[in-house]
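I have placed the structure first, in the form of structure tokens, so that the comments after it can refer back to it.
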Ligand SMILES: Cc1ncc(C[n+]2csc(CCOP(=O)(O)OP(=O)(O)O)c2C)c(N)n1
Ligand code: SF4
């Protein structure tokens, strides 16, 4: 009997084992980014920018040159890299606390300037690394370490919808929100990441893919329930779809 | 090129461009804004890039990104903006990236004012950001000296893979003097084989980071950094001495204050008072040698500063109890006059005794 390889590890990732919790979709999203970089044959021309959060060590996992940014500053660091090396591919990999809280200014301005970078934005509606505190993306009613009675709009305000907001800026070329909660959506997520990198390749401007992701550890749910929670609670609050495509079409 | 009349801030900018700095990320703040504007005009002429960031925090992080690719890059600010840059500066040190950061100091704390001051001395010489670190700080006293020290700042940055601070007070940034840009000879510097430019060049994956989760490993990194700081201390001390040989009293001042102090010394010398000057040019590493050489034979030192007394602490450490150390300072952006300094000198020395 001969065996056929149906799936193999992407060369876009190193052999280092990741440290993510069981059931966390950070790992899946890493793989998608790695596959896209490999399939587009741009791994060797890419400089990734790791952020702060559970993905702080992502520079150990992506098989390309990487630089580590301060909390929230990845888009500014990426700007510095890309402005010096305009013919290389530059991406950031950021969580929602990193991007939508401390780093909201950096991402808005990078988008407004039309920086030709790609932002991989992992939205798990919570701060993972620091132990499950409220993020700007935490849902109304969601309990976290710092919203023990559930996020109350009258106290903590309402969740920030990053795709919707950035899509209003002229500098953005491609903005899509996807989810990593099941296989069809994961495949869609990969297509979105590819489109975002292609927008960068064509020099169209800033591109971002927001990926709804899980945090079983801090949500207090098992991995399967977490995937359900994304589907039932996050997608209604964060509608999936293409929010900007400078080239037109969906 | 001959002599040209220029503003201090513009001299820094031009000197940086001539030192091969083609990338500048900045944010406006008085009294350094001319530097930003000069770069905006000048860098496109040399095929470089100027970008106005959305904040000082973004600017220093853009510097971090650019520095990681191996190019010469600079940012500049003044006190409140410099405070914001401390985050990025700590990361530059931790990741061992070379860059030049200019601080044209104004009166503080808080929003303070836009008058010249030296009250960021602690902030620039004692670390400033989080973690154990020191950064080379150069403090020119004239526009001609800026030309030289700006290019040296880039060389030091590249030699040690460290950010370097160029510090002046608002007066230095704003005043005009004739300057000459001579031919530069760049010393031999280490190759930047650590730069992240994509692996296509040599197939080597490179990582720039200041993160080290293992305590022992981080301690090892810190020890290596400390060794580097020790090398900088050994090799990069700069100072000027003036008539310290026969002096009974030695004034200590840096930057433009040193020039005013020098005038007070001239006056005192005319009156027969034996007074000299030590002018630290590198604020870190602080020049201890001229103090060690004089402290056992002088009666005392007087540190003159545009602060409430910051450098005087380093003077005391260098003197180490061997002689009296006095202080004269003005704050809030007030520039001490020659006459004030002279009067202070008289009161400390007890005037002219024949
Ligand atoms: C300046 C600064 N403030 C706070 C922190 C602490 N911190 C580390 S990770 C994090 C939140 C990250 O959350 P998120 O971006 O949502 O990523 P996740 O961990 O959920 O993947 C915070 C606040 C820090 N490292 N730096
Ligand atoms: S804490 Fe949450 S986000 Fe972080 S690795 Fe674990 S599951 Fe993933």
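Taken together, the values in this text are just the output of simple stated rules run on the coordinates, not laboratory data. What you see is a predicted model; the values in this text were computed from it and never measured. Cβ placement follows ideal geometry from the backbone for every residue including glycine, while neighbour counts extend to all protein chains displayed.
Computed over chain A with a Gaussian network model linking Cα atoms closer than 10 Å, the most mobile of A:90, A:119, A:28 is A:28. For peptide B:92-99, the mean count of partner chain Cβ atoms within 10 Å of a residue's Cβ comes to 1.
Result for chain B in a Gaussian network model with C-alpha springs under 10 Å: among B:182, B:332, B:168, the largest mean-square fluctuation is at B:182.
Of all DSSP bridge pairs formed entirely within the protein assembly as shown, close to 20 percent run antiparallel. Taking only the alpha carbons of segment B:280-354, we obtain Rg and Dmax values of 13.0, 39 Å in that order. Which whole-angstrom value gives the distance between the alpha carbon centres of segment A:37-70 and segment B:127-171? Cα centroid to Cα centroid, the span is 32 Å. Scaled against 2.2 N^0.38 Å for its residue count N, the alpha carbon radius of gyration of the protein assembly as shown is 1.10. Helix B:79-95 and the longest principal axis of the Cα set of chain B meet at an angle near 60°. By how many degrees, between 0 and 90 and to the nearest 10, does the Cα long axis of helix B:215-235 differ from the longest principal axis of chain B? Approximately 50 degrees, to the nearest 10.
Distance between the pseudo-spin-label points of residue A:39 and residue B:213 (7 Å out from Cα toward the beta carbon): 3.0 nm.
Please say if segment B:55-198 is rounded, prolate or oblate, where rounded means a/c under 1.5 for a ≥ b ≥ c the square roots of the C-alpha gyration tensor eigenvalues, and otherwise the choice is prolate for a/b larger than b/c and oblate otherwise? Since a/c reaches 1.5 but b/c is at least a/b, the shape of segment B:55-198 is classed as oblate. For segment A:178-250, the orientation-averaged shadow of the C-alpha convex hull comes to 5.3 nm² (one quarter of the hull surface). Of all DSSP beta bridges confined to segment B:67-221, the antiparallel ones make up roughly 5%.
Helix B:8-18 axis versus longest C-alpha principal axis of chain B: approximately 40°, rounded to the nearest ten.
In whole angstrom, how far apart do the alpha carbon centroids of segment A:122-193 and segment B:260-318 sit? Going from one Cα centre to the other spans 58 Å. Shape of segment B:1-44 from the C-alpha gyration tensor: oblate (a/c of 1.5 or more and a/b not above b/c, with a ≥ b ≥ c the square roots of its eigenvalues). Considering every alpha-carbon pair of chain B, the percent of pairs per 10 Å bin, from zero through the bin containing the longest distance, is 6, 25, 32, 23, 10, 3, 1, 0. Between A:155, A:117, A:42, the GNM of chain A built on Cα springs shorter than 10 angstrom shows A:155 fluctuating the most. Counts of other chain beta carbons within 10 angstrom of each beta carbon in peptide A:45-56 average 3.
Here the scattering of chain A is modelled by Debye summation over its C-alpha atoms, one equal scatterer each and no solvent; at q = 0.09, 0.11, 0.13, 0.18 Å⁻¹ the log10 of I(q)/I(0) is -0.35, -0.52, -0.74, -1.46. Only beta bridges with both residues in chain B are counted; by DSSP, about 25 percent of them are antiparallel.
Starting from the Cα gyration tensor of segment B:126-190, take the square roots of the eigenvalues, sort them a ≥ b ≥ c, and report rounded, prolate or oblate (rounded when a/c is under 1.5, otherwise prolate if a/b is larger than b/c, else oblate). Note, shape of segment B:126-190 comes out oblate.
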